[in-house]
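Working notes, beginning with the structure itself.
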Amino acid sequence: MAQVPFPSNLLPVDGSPEWMSRADNAWQLVAATLVGLQSVPGLIILYGGAVKKKWAVNSAFMSLYAFACVFFCWVVWGYRMSFGEPLVPFWGKPAMSLNHAYLFEKAFLGAFPNATMVYFQCVFAAITLILIAGAVLGRMNFYAWMLFVPLWLTFSYTFTAFSIWSTKGFLSKMGIIDYSGGYVIHLSSGVAGFTAAFWVGPRLNKDRERFPPNNILLMLAGAGMLWMGWTGFNGGDPYTVNADASLAVLNTHACTATSLLVWVILDVIFFRKPSVIGAVQGMITGLVCITPAAGVVEGWAALLMGVFSGSIPWFTMMVIHKRSKLLQKVDDTMAVFHTHAIAGTLGGLLTGLFAEPRLNTLFYGAANQYVGFFYGFHSKRIHTGFRQMGVQIIGIIFVVFVNVVSTSLICLFIRLFVPLRMSEEDMEIGDEAAHGEEAYAIWGQGDKLENSSSKYGSSLYDDVEAGSHKKKQGGVVEMM
């Protein structure tokens, strides 16, 4: 059979060797940029609009600084510690990712060069630190944050990334399913953020009691970028342009939409008022929950996961949080524990239940190893299904343990040199004290006029993290 010659634009050249797929490389770069846009400017805008006016600059700048700092650390030592040669079963050897000879080599997965993989994985590491920032907004000393970012990246993120995502990590070899970061990013950031919030301490009492968003429309713009950017977040993880990438994208948006709707419905049923802030929380929990499962579950499972992600974190935030002394003591500004730790744990467990064997084979390339619990029963591979759930649970325990211990040690180390928390005087002032800059040259802190507040009431979410015992009149549930 005669060979058909390649078109001249597809012939291998020095910059595009035979092993490289130009289509896969192009999509991977686009997907990575979409994830980067979730942070810069996505979360910068979301945080900047969601906090009290006096903290808008500080909150946005914590995100911008984290992105830049992670990028530097990642190319100098972080990537190779997460995906390079093993030093121990859960950690790689530090090395630079700057030499073009290394960057032009084929990545450990996919048909594209190391340079693309370094970039793709970097934006995931960056968003993890920015999510942690959400738990300590409104009081963390910026100098302490400057130290926290490189230390946590080096001594926490690299542990979980290597263990779960590197082909040489011990949990990866055990067969854990974490399609795109439910464990490595969301469970890690939720637990680390909550732990850091414990050590940093709370905001001022008046800020905890009243912390209105300074610009809800701006917050929604950031939330929209976060949602749409998840197309690259989950769609880029097959490392190729194939049907599984398309399925991951569709499942991501289906689960997220369902989760948002369920959360809003619960707000209406129990509080007689649909909340925009609540809708954003439901959106985030849906995105987080589907992340470990995006390309390995059926569409009906994605919808079911959306129902769970819109209801269980809602219950932990709106009911359990109000009754738990520990949760009220720890001042988690953006409720990262509920939206990422709870939703990430939920996603990991539901992935173990609903992971479809054929889709797992398509993604992992290994037949009969990754089998969801329910499919194990259906196909008479009960032991394999039980084992998969066991591995998912071990992964949760490992990530929680690593992040509680490492984050605590890092915070204790930092406070030997600088205070973790700003002074009371500086917290009274906010941005002007921390940076000498203000977000808006207007009066007030975003508080409503007295007659407006009395007529329409305040947001259901103003005091989620305030620890106040509040009873909503006309509601079915008492927030006691």
Mind checking which pairs have a first residue in region 139-157 that is outside any helix (DSSP H, G or I) and a second that is small (Gly, Ala, Ser) and surrounded by fewer than 18 Cβ atoms within 10 Å (Cβ to Cβ), Cβ under 8 Å, 6 or more apart or different chains? ARG139/GLY201
Sort out for me the helices (runs of 4 or more DSSP H) sitting completely within region 266-359 that have 3 or more residues that are farther than 29 Å from PHE401 by Cα and open to solvent by 10 Å² or more (accessible area, probe 1.4 Å). 276-290, 299-315
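Determine whether LYS173 is farther than 14 Å from HIS340 by Cα, free of Cβ contacts under 8 Å to residues at least 12 places away in the same chain and surrounded by fewer than 21 Cβ atoms within 10 Å (Cβ to Cβ). Break it down stepwise before answering.
Values: farther than 14 Å from HIS340 by Cα: yes; free of Cβ contacts under 8 Å to residues at least 12 places away in the same chain: yes; surrounded by fewer than 21 Cβ atoms within 10 Å (Cβ to Cβ): yes.
Answer is yes for this residue.
Evaluate the following for TRP27: is it under 24 Å from GLY169 (Cβ atoms), part of a helix (DSSP H, G or I), open to solvent by 30 Å² or more (accessible area, probe 1.4 Å) and not polar (S, T, N, Q)?
Values: under 24 Å from GLY169 (Cβ atoms): no; part of a helix (DSSP H, G or I): yes; open to solvent by 30 Å² or more (accessible area, probe 1.4 Å): yes; not polar (S, T, N, Q): yes.
Judged against the criteria, TRP27 is not a match.
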When SER82 is evaluated against the numbered criteria (1) out of contact with any helix residue (DSSP H, G or I) (no Cβ under 8 Å at 6 or more places or on another chain); (2) polar (S, T, N, Q); (3) buried (at least 17 other Cβ atoms within 10 Å of the Cβ), which criterion, by number, is the only one it fails? (1)
Determine the pairs where a residue that is within 13 Å of MET305 (Cβ to Cβ), located within region 255-266, has a partner that is part of a helix (DSSP H, G or I) and of a type in the set (Phe, Trp, Tyr) with Cβ atoms under 7 Å apart, the partner being 6 or more residues away or on another chain. THR256/TRP227
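Say we look at region 70-79 and pick out the residues that are open to solvent by less than 10 Å² (accessible area, probe 1.4 Å) and not hydroxyl-bearing (Ser, Thr, Tyr); which of these is farthest from ASN99 (Cα to Cα)?
Of region 70-79, the ones open to solvent by less than 10 Å² (accessible area, probe 1.4 Å) are 70, 73-74, 78-79.
Next, only the ones that are not hydroxyl-bearing (Ser, Thr, Tyr) stay: 70, 73-74, 78.
Numbers: VAL70: 19, CYS73: 15, TRP74: 14, GLY78: 15 Å.
Selected residue: VAL70.
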Given VAL371, VAL418, VAL402, which one is assigned to a loop (DSSP other than H, G, I, E, B) and surrounded by 15 or more Cβ atoms within 10 Å (Cβ to Cβ)? VAL371
Can you tell me which residue within region 197-244, out of those that are in contact (Cβ under 8 Å) with a residue 24 or more places away in the chain, of a type in the set (D, E, K, R) and in a helix (DSSP H, G or I), is most open to solvent (accessible area, probe 1.4 Å)? GLU209
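Pick from LYS168, LYS173: which is part of a helix (DSSP H, G or I) and among the charged types (D, E, K, R)? Steps first, please.
On the way: LYS168 fails: part of a helix (DSSP H, G or I).
Of LYS168, LYS173, the one residue that is part of a helix (DSSP H, G or I) and among the charged types (D, E, K, R) is LYS173.
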Pairs only if they're at least six apart or on different chains, beta carbon under 8 angstrom, first in region 407-430 and over 18 Å from ALA133 (Cα atoms), second open to solvent by 70 Å² or more (accessible area, probe 1.4 Å); list them, first residue then second. PHE417/LEU147
Would you mention how many residues in region 96-155 are over 28 Å from PRO212 (Cβ atoms), touching a helix residue (DSSP H, G or I) at 6+ places or on another chain (Cβ under 8 Å) and of a type in the set (Gly, Ala, Ser)? 7
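The values are calculated or read from the model by the stated rules, or taken from the named source; none is laboratory data. Bear in mind that the values here come from a model prediction, so they are computed numbers and not experimental data. Here the Cβ is made from the backbone with ideal geometry for all residues, glycine too, and neighbour counts use every protein chain on show. For the accessible areas, the whole protein counts, side chains as well, though only heavy atoms, and no ligand, DNA or RNA atoms are used. Shrake-Rupley method; radii C 1.70, N 1.55, O 1.52, S 1.80 Å.
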